[in-house]
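Here the structure is laid out as structure tokens; the discussion comes afterwards.
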Amino acid sequence: MTARWTLVAYRTPTEPSTARVSAWRALHRLGGLYLGPTVCLLPTTLADPARLAGIQTRVTAAGGTFDVFQIESFASDADARIRSRCDEARAAEYAEIVERSEAIVHELEREGARDKFTFAEVEENEAGLTKLRQWLRQVTVRDVFGCPARAAANAAVRRAEDRLAAFVEQAIAREAGANAAEAFAPPERRLRVVHGEK
């Protein structure tokens, strides 16, 4: 029978904490579910051997130990609890993505209400949205059991994308309108503007 789960158990020196923190972050990024302070369970489909080997190298180089075990299956009730906990972890990540997507929408609406359709605002929110898209892709890869919260996260990111696209169009239109108004202004007005007069 093919192993469905990979169990990782490791120990690291108390000080410095670098190896312990690095392992914790890396295993969470893989989609690991912590069963104890240094015991982590992953669906085998997420247990990339090369990435696990990299974590192991860092842990053992710091004087720790790192063991990997393959598990064919759990009892049905235990399997259900583990899947539920995996879904809860993904749901928390999706909820954070929704929250940050809504923050981008609110930021754009607030700046639009202030008539602040600037390239700086566009660039700032494009950077934030790029990070959100990347994070959503990473969480989706970890979401091997199809957490129901995925749909809300996808929808929230799409709303942010649509709101940003509309904001960009407004920024372009405002800039084009301002440039046209300046180009067709009487010469004496253009001179006054150059000299800082209105």
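Data table
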| item | result |
| --- | --- |
| Structure-based [θ]222 nm, the chain - -39500 (n - 2.57) summed over DSSP H runs of at least 4, per residue, nearest 500 | -23000 deg cm²/dmol |
| Over the chain - Rg/Rh using Cα atoms and the Kirkwood inverse-distance radius | 1.23 |
| Cα-based equivalent ellipsoid, region 1-58: semi-axes from gyration tensor eigenvalues, Å | 21, 12, 9 |
| Mean Cα-pair separation over length for region 3-92, i.e. relative contact order, pairs under 8 Å, 6 or more apart, % | 43 percent |
| Percentage relative contact order, the chain, counting C-alpha pairs under 8 Å, at least six apart | 22 percent |
| Segment residue 99-residue 116, extension gain: residue separation times 0.36 nm, minus the distance between their alpha carbons | 3.8 nm |
| Selected from 14, 167, 30, residue furthest toward positive end of dipole (the chain; charges at beta carbon) | 14 |
| Size-normalised alpha-carbon gyration radius of region 87-183, reference 2.2 N^0.38 Å | 1.30 |
| Length-normalised contact order of region 87-183 in % [C-alpha pairs under 8 Å, at least 6 apart] | 47 percent |
| Added length on full extension, which subtracts the Cα-Cα distance from 0.36 nm per residue, residue 137 to residue 48 | 30.4 nm |
| Length added when fully stretched, residue 34-residue 81, from 0.36 nm per residue minus Cα-Cα | 15.6 nm |
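Read the figures in this text as sums done on the coordinates, not as results from a lab. In this text, all values refer to a predicted model and were calculated from it rather than measured experimentally. Note: ideal-geometry Cβ built from the backbone for every residue, glycine included; neighbour counts use all protein chains shown.
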